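Colleague: The structure's right below; bear with me while I get my questions together.
The values are calculated or read from the model by the stated rules, or taken from the named source; none is laboratory data. It should be emphasised that the depicted structure is a prediction, and the values quoted were computed from it without experimental measurement. Cβ coordinates were reconstructed from backbone atoms using ideal geometry, including for glycine residues, and neighbour counts include every protein chain displayed.
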Amino acid sequence: MPQKDTDARWARKGNETHFGYKNHVKCDSESKFITNYGITDADLLEPTDKAVYADSAYSSEEIAENLPKNCENHICEKGYRNHLLT
């Protein structure tokens, strides 16, 4: 009888559907050392973080509004046809 991993989640990227986990890495921009790592479907942001870099999957007004205070938003923009990225 097959077993289902109840902690894993479904995610869609483009036209592909994947079942599993997300890797999150947090590193210090000055020392370049990894300060935190997790495998989850949540984020690793803390109130003292100064900047967040992420791919366009995390680009939304809701996420931007809920970033810690004084945290710079460097999340990639989503690309659209005939719309140049900044």
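Colleague: If THR40 meets every condition in (1) closer than 25 Å to GLY14 by Cα; (2) at pLDDT 85 or above apart from one, which number is that one?
Modeller: Only one criterion in (1) closer than 25 Å to GLY14 by Cα; (2) at pLDDT 85 or above is unmet by THR40, namely (2).
Colleague: Do we have any residue at all in segment 50-71 that's among the polar types (S, T, N, Q), touching a Leu at 6+ places or on another chain (Cβ under 8 Å) and either surrounded by 13 or more Cβ atoms within 10 Å (Cβ to Cβ) or without any contact (Cβ under 8 Å) to a residue 60 or more places away in the chain (or both)?
Modeller: Let us first name the residues in segment 50-71 that are among the polar types (S, T, N, Q), namely 56, 59-60, 66, 70.
Retained after the next criterion (residues that are touching a Leu at 6+ places or on another chain (Cβ under 8 Å)): none.
No, segment 50-71 contains no residue that is among the polar types (S, T, N, Q), touching a Leu at 6+ places or on another chain (Cβ under 8 Å) and either surrounded by 13 or more Cβ atoms within 10 Å (Cβ to Cβ) or without any contact (Cβ under 8 Å) to a residue 60 or more places away in the chain (or both).
Colleague: Hey, does segment 21-36 have a residue that's over 15 Å from the mean Cα position of the chain (by Cα) and assigned to a strand (DSSP E or B)?
Modeller: Here is the first cut: in segment 21-36, the ones over 15 Å from the mean Cα position of the chain (by Cα) are 28-35.
If we keep only those that are assigned to a strand (DSSP E or B) too, we end up with 34-35.
Scanning segment 21-36 turns up at least one residue that is over 15 Å from the mean Cα position of the chain (by Cα) and assigned to a strand (DSSP E or B).
Colleague: Suppose we keep only residues that are over 14 Å from LYS26 (Cβ atoms) and part of a loop (DSSP other than H, G, I, E, B) within segment 49-66. Which one would you say is farthest from the chain's Cα centre (by Cα)? If you could, list the steps in order and put the result at the bottom.
Modeller: Taking segment 49-66 as the starting set, the residues that turn out to be over 14 Å from LYS26 (Cβ atoms) are 55-57, 59-66.
Applying the additional criterion that residues be part of a loop (DSSP other than H, G, I, E, B) yields 55, 59-60, 66.
On the way: ASP55: 6, SER59: 9, SER60: 11, ASN66: 13 Å.
Selected residue: ASN66.
Colleague: Quick check on my filter: what residues within segment 37-48 are among the small types (Gly, Ala, Ser) and in a loop (DSSP other than H, G, I, E, B)? Don't jump to the end; show me each part of the working.
Modeller: We begin by selecting, within segment 37-48, every residue among the small types (Gly, Ala, Ser); these are 38, 42.
The answer is ALA42, and nothing else.
Colleague: Only residues that are among the hydroxyl-bearing types (Ser, Thr, Tyr) and surrounded by 11 or more Cβ atoms within 10 Å (Cβ to Cβ): list them for segment 28-49, please.
Modeller: THR35, TYR37, THR40
Colleague: While we're here: Taking only segment 10-20 into account, find how many residues are modelled with pLDDT under 75 and assigned to a strand (DSSP E or B). Spell out the reasoning first.
Modeller: Here is the first cut: in segment 10-20, the ones modelled with pLDDT under 75 are 11-14, 18.
After this cut, where a residue has to be assigned to a strand (DSSP E or B) as well, the list is 11-13, 18.
Residues meeting the conditions: 4.
Colleague: Being loosely packed, with under 13 Cβ neighbours inside 10 Å and not in a loop (DSSP other than H, G, I, E, B) is the filter here, so list the residues in segment 72-86 that pass it.
Modeller: Of everything in segment 72-86, those that are loosely packed, with under 13 Cβ neighbours inside 10 Å and not in a loop (DSSP other than H, G, I, E, B) turn out to be GLU72, HIS74, TYR80, HIS83.
Colleague: Further, regarding this structure: Can you list residue pairs whose Cβ atoms sit under 9 Å apart, with the first residue in segment 3-31 being closer than 16 Å to SER56 by Cα and the second being surrounded by 10 or more Cβ atoms within 10 Å (Cβ to Cβ) and of a type in the set (Asp, Glu)? Count only pairs 6 or more apart in sequence or on different chains.
Modeller: ALA11/ASP41; LYS22/ASP41; HIS24/ASP43
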